[in-house]
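Here the structure comes first, spelled out in structure tokens, and everything after it is commentary.
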Amino acid sequence: MGQNLAKKIISSHLVAGSLTTGQEIGIRIDQSLTQDATGTMAYLQFEALNLPQVKTELSVSYVDHNTLQAGFENADDHAFLQSVAAKFGIYFSRPGNGICHQVHLERFGKPGKTLIGSDSHTPTGGGIGMLAIGAGGLDVAVAMGGGAFYLPQPQVLQVNLTGQLPDWVTAKDIILEVLRILSVKGGVGKIVEYTGPGVKTLTVPERATITNMGAELGATSSIFPSDEQTLAFLTAQGREADWIPLTADENAEYDESITIDLSTLVPLAAQPHSPDLVVPVQDLTTIKVQQVAIGSCTNSSYMDLMRVAAVLKGRSVDPSVSLVISPGSRQVLTMLAENGALTDLLDAGARLLESACGPCIGMGQSPSSSAVTVRTFNRNFKGRSGTADAQAYLTSPETAAACALTGYLTDPRTLGAYPSVSMPAQFRYDDSMILPPGDPQTEIVRGPNIKPLPIAPSLPASLALPVILKVEDNVTTDDIMPAGAKILPLRSNIPAMSQYVFEKIEPEFAAKARSAGQSVIVGGQNYGQGSSREHAALAPMYLGVRVVLTQSFARIHRANLINFGILPLTFVHPEDYSRIKTGDPIQLSGLQAAIGSDEPFAITIAGSDQPIWVQHTLTKRQASIILAGGLLNQTKTLN
């Protein structure tokens with residue numbers, strides 16, 4: 001049998017392990033990206049490796065998250081990032097140039113290459129035929145230093161697309177349908193590979209919408225073939241030399257397969273507060289809408305916003321609705337300005353935001369109290385908008401535009417003829433806001449908010465820890481380490497940022513953790529889903545969390561816990577979750593021997609003679625990281 005596309009790229013980049021599902025592999029990384037909410041810490045970690053230059057083919061530092069400069073912190077960090085990029089051989093995308101995934105797709109992505117990024121939506125690059133994976137900043141730092149990226153060999157899930165989308169049904173509706181079928185846990189441990197005749201009907205921007213939101217499945221990555229559509233996109237970007245044809249073999253094998261007939265889809269919406277609570281928009285039309293936000297790395301492409309402009313042209317936004325639009329890149333914004341579409345948007349009553357992440361991460365434009373906000377974003381977790389009681393619905397740009405016009409959740413098929421928008425023969429590209437690497441003698445600029453990198457202690461032979469917090473299923477990294485305009489500027493200051501760990505769930509968590517000295521957190525299924533932010537591991541480590549015991553983990557967060565020396569354990573018997581409560585003293589004995597073994601081991605609650613069986617499922621490499629107190633400690637020991 002032949003190979004699928006995912007395994008072809010992995011095979012050509014494999015440096016450790018074999019393609020046995022579930023076994024740890026190491027792959028060579030060609031490209032890396034960071035964004036400013038994670039990049040400062042990633043480059044502090046790269047500095048700690050004491051290397052003169054990055055060793056990847058290409059590394060890019062983007063500024064797109066923290067562009068709201070309400071104090072000195074963000075501007076200081078941007079100066080740090082620019083100086084680091086110049087010194088270590090990294091391209092620097094200046095503030096205002098656009099969202100990392102949109103710009104990388106436009107200007108840097110190459111079919112067949114591997115890309116690792118310190119943002120969970122890095123798999124956007126799969127829309128252009130890359131194997132693109134989100135990871136914690138420390139993993140990105142190691143990859144920039146020439147180290148392999150390690151992960152369990154994923155299963156490959158085939159999504160076979162047939163038919164063609166009807167009018168007013170979009171790529172966003174495809175990925176919402178996949179989420180409806182598989183859930184936010186359905187992609188864990190898997191690469192989602194799109195195949196079938198329906199693929200050829202989708203442009204690269206449409207494919208990128210789908211691969212972007214594959215992160216919401218918990219998937220390691222998502223990927224489309226590199227074909228005529230890919231060539232057309234790269235040619236329009238002036239990068240046809242970067243194209244190679246790349247597809248799965250005709251007789252390729254897959255671990256699982258589902259088929260979606262595109263012609264049967266209808267406009268969909270994800271209801272609060274999870275991207276997989278998906279229903280047809282036509283079932284929601286009595287719901288009043290107060291805000292509509294169009295943009296994010298999912299749906300801010302030129303094609304997306306041209307359709308929105310066509311829907312809004314000659315019409316007016318309902319007076320009760322605030323409509324905000326964030327173009328995904330300067331390229332998108334300038335093209336809209338040149339062809340008049342920007343005027344159509346503004347004349348309809350839209351408010352124009354910067355080409356940045358903005359409202360998607362709670363960075364401005366928080367909706368009013370108890371508001372319904374319709375967003376073209378990828379996540380609608382409770383409180384992520386910046387308003388705790390807001391109700392966020394996720395839809396396509398076309399559906400969002402319809403909602404803005406009517407003031408209600410609206411099926412866009414009620415608007416009449418579908419506007420025809422074609423891929424331009426040539427995009428307007430201008431890379432003057434992407435600074436190439438500079439002088440290795442550049443002095444690094446460090447503002448007062450940039451604090452030294454915390455390091456965990458090595459693992460002792462035994463631990464006696466109180467359960468500082470017990471949480472339920474699907475706890476997100478937003479729950480663990482909130483974002484937003486107040487907290488994100490502290491991302492390079494872990495002592496200050498740690499004050500907000502679990503603030504939404506347990507406001508006194510930080511104080512209790514400091515008082516306990518060392519502690520354990522207990523969780524349910526899919527602990528740590530969502531953003532790749534390693535601060536959700538780093539800040540708890542700083543507060544003394546040594547162990548997280550759950551029923552299951554999200555991939556990136558588990559890797560981040562290991563990287564920062566926090567031991568991730570799972571229950572052998574999931575029902576034992578109910579036996580533990582907050583405040584219980586947990587005894588873990590013989591830890592070093594247990595970590596050195598693949599066998600489950602027993603822990604106890606003080607005062608109980610009934611053991612609780614747990615397992616670590618660490619590879620030998622990961623076990624050595626935990627024993628050392630984290631990846632940086634281990635790397636320094638090896639060097």
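The values are calculated or read from the model by the stated rules, or taken from the named source; none is laboratory data. What you are looking at is a predicted structure, and each value in this text was computed from that prediction instead of being measured. Because the Cβ atoms are built from the backbone with ideal geometry, glycine has one as well, and the counts that use them run over all protein chains shown.
Within segment 325-341, the set of residues being buried (at least 20 other Cβ atoms within 10 Å of the Cβ) and of a type outside the set (D, E, K, R) comprises Ile325, Ser326, Pro327, Gly328, Ser329, Gln331, Val332, Leu333, Met335, Leu336, Ala341. Out of the residues in segment 409-455 meeting the condition of being within 27 Å of the chain's Cα centre (by Cα) and of a type in the set (Phe, Trp, Tyr), tell me which one is nearest to Ser492 (Cα to Cα). Looking at the filtered set, the residue picked out is Tyr429.
Going through (1) small (Gly, Ala, Ser); (2) in contact with a helix residue (DSSP H, G or I) (Cβ under 9 Å, 6 or more places away or on another chain); (3) buried (at least 17 other Cβ atoms within 10 Å of the Cβ); (4) in a loop (DSSP other than H, G, I, E, B) one by one, Ala400 falls short only on (4). Is it the case, given these coordinates, that Leu405 is at pLDDT 95 or above and either part of a loop (DSSP other than H, G, I, E, B) or within 29 Å of the chain's Cα centre (by Cα) (or both)? The answer is no for Leu405.
Pairing each residue of segment 603-628 that is over 14 Å from Val572 (Cα atoms) with any residue that is assigned to a strand (DSSP E or B) and of a type in the set (D, E, K, R), provided the two are 6+ apart or on different chains, yields C-beta distances under 7 Å for Thr619/Glu24; Arg621/Glu24.
Of these, Gly544, Gly530, Gly565, which one is closer than 24 Å to Glu508 by Cα, free of Cβ contacts under 8 Å to residues at least 40 places away in the same chain, of a type outside the set (Val, Ile, Thr) and buried (at least 16 other Cβ atoms within 10 Å of the Cβ)? Don't jump to the end; show me each part of the working.
Details: Gly530 fails: free of Cβ contacts under 8 Å to residues at least 40 places away in the same chain; Gly565 fails: free of Cβ contacts under 8 Å to residues at least 40 places away in the same chain.
Only one candidate qualifies: Gly544.
Here Arg579 does not fit the description of being under 18 Å from Gly189 (Cβ atoms) and of a type in the set (Lys, Arg).
Does segment 503-521 contain any residue that is at pLDDT 95 or above, within 26 Å of the chain's Cα centre (by Cα), within 25 Å of Ser118 (Cα to Cα) and assigned to a strand (DSSP E or B)? Looking for residues that are at pLDDT 95 or above, within 26 Å of the chain's Cα centre (by Cα), within 25 Å of Ser118 (Cα to Cα) and assigned to a strand (DSSP E or B), one finds at least one in segment 503-521, hence yes.
Select the helices (runs of 4 or more DSSP H) contained entirely in segment 66-173, then report the ones holding at least 2 residues which are touching a residue at least 40 places away in the same chain (Cβ under 8 Å) and acidic (Asp, Glu). Steps first, please.
Values: elements: 72-88, 100-107, 137-144.
It comes to 72-88.
With respect to the conditions (1) in a helix (DSSP H, G or I); (2) surrounded by 15 or more Cβ atoms within 10 Å (Cβ to Cβ), Leu33 lacks only one, and its number is (1). So in segment 1-17, with the set limited to residues that are of a type in the set (Gly, Ala, Ser) and outside any loop (DSSP other than H, G, I, E, B), which one is nearest to Gly146 (Cα to Cα)? Of everything passing the filter in segment 1-17, Ala16 is nearest to Gly146 (Cα to Cα). Within segment 606-621, one or more residues are in contact with a Leu (Cβ under 9 Å, 6 or more places away or on another chain), hydrophobic (A, V, I, L, M, F, W, C) and in a loop (DSSP other than H, G, I, E, B).
Yes/no matrix, rows are residues, columns are (1) in contact with a strand residue (DSSP E or B) (Cβ under 8 Å, 6 or more places away or on another chain); (2) farther than 18 Å from Asp139 by Cα; (3) not assigned by TED's automatic domain parsing to the domain that holds Gly187:
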{"site": "Glu503", "(1), (2), (3)": "no, yes, yes"}
{"site": "Ala513", "(1), (2), (3)": "yes, yes, yes"}
{"site": "Gln518", "(1), (2), (3)": "yes, yes, yes"}
{"site": "Gly524", "(1), (2), (3)": "yes, yes, yes"}
{"site": "Gln529", "(1), (2), (3)": "yes, no, yes"}
{"site": "Ser532", "(1), (2), (3)": "yes, no, yes"}
{"site": "Ala539", "(1), (2), (3)": "no, no, yes"}
{"site": "Ile556", "(1), (2), (3)": "yes, no, yes"}
{"site": "Leu567", "(1), (2), (3)": "yes, no, yes"}
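Could you say whether any residue in segment 570-585 is of a type outside the set (Phe, Trp, Tyr), touching a residue at least 60 places away in the same chain (Cβ under 8 Å), in a loop (DSSP other than H, G, I, E, B) and surrounded by 15 or more Cβ atoms within 10 Å (Cβ to Cβ)? Looking for residues that are of a type outside the set (Phe, Trp, Tyr), touching a residue at least 60 places away in the same chain (Cβ under 8 Å), in a loop (DSSP other than H, G, I, E, B) and surrounded by 15 or more Cβ atoms within 10 Å (Cβ to Cβ), one finds at least one in segment 570-585, hence yes. On the stretch given as segment 327-357, residues that are without any contact (Cβ under 8 Å) to a residue 60 or more places away in the chain and polar (S, T, N, Q) total 2.
Taking the condition outside any loop (DSSP other than H, G, I, E, B), under 23 Å from the mean Cα position of the chain (by Cα) and surrounded by fewer than 23 Cβ atoms within 10 Å (Cβ to Cβ), does Gln592 pass? No: the conditions fail for Gln592. From Thr442, Thr376, Thr387, which residue is in contact (Cβ under 8 Å) with a residue 60 or more places away in the chain, polar (S, T, N, Q) and either under 25 Å from Val278 (Cβ atoms) or assigned by TED's automatic domain parsing to the domain that holds Ala85 (or both)? From the options Thr442, Thr376, Thr387, the qualifying one is Thr376. Filter segment 271-297 for residues that are among the hydroxyl-bearing types (Ser, Thr, Tyr) and under 26 Å from Ala309 (Cα atoms); which is surrounded by the fewest Cβ atoms within 10 Å (Cβ to Cβ)? Checked segment 271-297; the qualifying residue surrounded by the fewest Cβ atoms within 10 Å (Cβ to Cβ) is Thr286. For segment 58-87, the set of residues classified as at pLDDT below 90 and charged (D, E, K, R) consists of Glu73 only. Criterion applied to Thr162, Thr122, Thr114 was being within 24 Å of Leu19 (Cα to Cα), touching a helix residue (DSSP H, G or I) at 6+ places or on another chain (Cβ under 6 Å) and of a type in the set (S, T, N, Q), and the one residue passing it is Thr114.
Confirm whether His78 is outside the structural domain of Gly630 (by TED's automatic domain parsing) and under 20 Å from the mean Cα position of the chain (by Cα). No. If you go through segment 325-338 and keep only what is within 13 Å of Asn299 (Cβ to Cβ) and of a type in the set (Val, Ile, Thr), you end up with Ile325, Val332.
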